[in-house]
There are 2 protein chains.
Amino acid sequence: MGSRWGINRTVGQIYALIFVAPKPLHADDIADALEFSRSNVSIGLKELQAWRLVKLKHLAGDRREYFEAPQDVWEIFKSLAEEKRRREVEPTLSMLRAALVETPGSEADAHAQKRMQQMHELIDLSSTWFDDVQRLSPETIARLMRMGSSVKTVLDMTDKLKVVTGRKTKSN
Amino acid sequence: MGSRWGINRTVGQIYALIFVAPKPLHADDIADALEFSRSNVSIGLKELQAWRLVKLKHLAGDRREYFEAPQDVWEIFKSLAEEKRRREVEPTLSMLRAALVETPGSEADAHAQKRMQQMHELIDLSSTWFDDVQRLSPETIARLMRMGSSVKTVLDMTDKLKVVTGRKTKSN
DNA sequence: TTGAGTTTTCAGCAATTACTGAAAATTAAG
DNA sequence: CTTAATTTTCAGTAATTGCTGAAAACTCAA
């Protein structure tokens with residue numbers, strides 16, 4: 001289920017187990033529950049740590065390493081998005097930028113650059129936007145989301161207000 | 001580059017070529033340009049059609065099938081999101097729902113359900129929201145995005161207005 | 001209806017990715 | 001320092017996924 005987030009099946013299973021568990025787990029718990037080899041679990045946990053999806057906990061009087069998932073699901077979502085951005089989005093943007101500074105050698109090249117420019121703009125805009133939104137309080141985000149498409153009405157209303165009071169709109 | 005959208009390397013390359021090309025291409029063009037076997041290209045194109053990322057075009061006086069990418073990048077983004085939703089998000093939500101109607105057999109089960117409930121809410125909320133936003137005009141979306149986090153100010157302002165005029169807010 | 005041009009299918013091979021067990025490394029208590 | 005508990009590494013193997021060429025199927029013009 002949902003192995004399309006850049007992590008593979010087993011790592012996903014390990015994460016799911018940690019996510020639903022009522023208390024932190026250690027590697028043997030996991031290997032035991034899922035019937036994976038101990039080494040497989042070790043690698044999986046490393047990967048989950050790299051994605052910052054699990055937190056390492058040391059329990060008093062126990063040398064073993066315990067892992068747990070953040071309690072707040074929105075937190076999880078943010079980590080995932082951040083890592084995905086760092087690993088995939090940013091490298092893509094860099095490559096596009098590199099291609100855009102080349103001098104086009106033909107009509108076709110020039111056209112390709114135009115297309116890459118469009119793609120760059122879209123990706124850049126979305127990721128910057130996501131970054132911004134991420135910084136809002138969870139409540140504000142929830143409010144924004146619950147509004148759905150009626151956000152348009154609010155934007156329109158705001159524009160009108162600004163016109164009336166003689167202020168310039170931010171957009172355009 | 002960006003093979004994490006659920007399509008593999010070769011399919012990605014095929015798409016990139018079609019995307020930047022100034023005019024529609026046919027399968028042999030692609031096989032030739034990328035040095036893939038004809039069958040590989042055929043399969044790749046099938047997949048791109050399934051994702052609705054390329055459009056089939058029949059050119060007059062030529063029996064071959066030509067393919068091109070939508071001109072509007074936002075269109076591309078929407079197709080991708082829609083398909084991803086249909087293929088990954090919806091099945092995930094169904095599985096979560098199925099797990100949520102089970103009667104928990106233990107404390108641990110009950111806790112697991114609580115967690116799954118949280119996850120379901122988050123995913124459901126985000127995907128419904130995306131659906132809603134998708135229906136806005138490209139300009140409205142662009143405006144919303146360019147606003148970034150200052151959208152909060154607008155929401156706050158709106159709330160105030162509603163209080164003054166005695167109307168209930170939509171949120172909460 | 002035939003056949004040339006074109007696309008699709010698929011069995012077999014290649015490449016990649018994932019998993020295991022055993023051994024090595026690390027860690028902390030005694 | 002030693003030792004036992006624990007984690008990590010890694011070579012070998014298993015499983016999965018991707019690619020190819022050849023043959024089959026399709027399609028349209030004549």
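A few comments on the model shown:
- Within region B:115-130, the only residue that satisfies the criterion of being open to solvent by 40 Å² or more (accessible area, probe 1.4 Å), more than 9 Å from chain A (Cβ to nearest Cβ) and more than 30 Å from B:Val73 (Cβ to Cβ) is B:Gln117.
- Positions within region B:24-34 being over 25 Å from the mean Cα position of the chain (by Cα) and within 14 Å of another protein chain (Cβ to nearest Cβ), in sequence order: B:Asp29, B:Ala33
- Meets criteria (at pLDDT 95 or above and hydroxyl-bearing (Ser, Thr, Tyr)) for B:Ser79: no
- Here region B:8-18 is the region considered, the condition is being within 14 Å of chain A (Cβ to nearest Cβ) and surrounded by 20 or more Cβ atoms within 10 Å (Cβ to Cβ), and the residue that is farthest from DNA strand C (Cβ to nearest atom) is B:Tyr15.
- When region B:70-86 is filtered for residues that are open to solvent by 70 Å² or more (accessible area, probe 1.4 Å) and over 18 Å from B:Leu56 (Cα atoms), the ones remaining, listed by number, are B:Glu82, B:Arg86.
- Residues in region A:19-40 that are polar (S, T, N, Q) and surrounded by 13 or more Cβ atoms within 10 Å (Cβ to Cβ): A:Asn40 alone.
- In this structure, A:Asp109 does satisfy being surrounded by 14 or more Cβ atoms within 10 Å (Cβ to Cβ) and touching a Ser or Thr at 6+ places or on another chain (Cβ under 9 Å).
- Counted residues, region B:62-109 - those being within 11 Å of another protein chain (Cβ to nearest Cβ) and β-branched (Val, Ile, Thr): 4
- Every listed requirement among (1) modelled with pLDDT under 95; (2) away from every other protein chain (no Cβ under 11 Å); (3) more than 15 Å from the chain's Cα centre (by Cα) is met by A:Ser37 save one, (1).
- Here B:Arg52 meets each of (1) in contact with a Ser or Thr (Cβ under 7 Å, 6 or more places away or on another chain); (2) closer than 23 Å to A:Ile7 by Cβ; (3) away from DNA strand D (no atom under 12 Å from the Cβ); (4) away from every other protein chain (no Cβ under 12 Å) with one exception, condition (2).
- Residue count, region A:27-63 (criterion: within 23 Å of A:Val73 (Cβ to Cβ) and not in a helix (DSSP H, G or I)): 7
- With respect to the conditions (1) within 12 Å of DNA strand D (Cβ to nearest atom); (2) closer than 29 Å to A:Glu90 by Cβ, B:Ser37 lacks only one, and its number is (2).
- Inter-residue pairs, beta-carbon under 7 Å, first more than 8 Å from chain B (Cβ to nearest Cβ) and touching a residue at least 12 places away in the same chain (Cβ under 8 Å) and in region A:131-153, second open to solvent by less than 50 Å² (accessible area, probe 1.4 Å) and of a type outside the set (Ser, Thr, Tyr), 6+ apart: A:Gln134/A:Lys78; A:Pro138/A:Trp74; A:Ile141/A:Val133
The values are calculated or read from the model by the stated rules, or taken from the named source; none is laboratory data. What you see is a predicted model; the values in this text were computed from it and never measured. So basically every Cβ, Gly included, is an ideal-geometry build from the backbone, and we count neighbours across all protein chains shown. Only protein heavy atoms, including side chains, enter the accessible area calculation; ligands, DNA and RNA are left aside. Shrake-Rupley method; radii C 1.70, N 1.55, O 1.52, S 1.80 Å.
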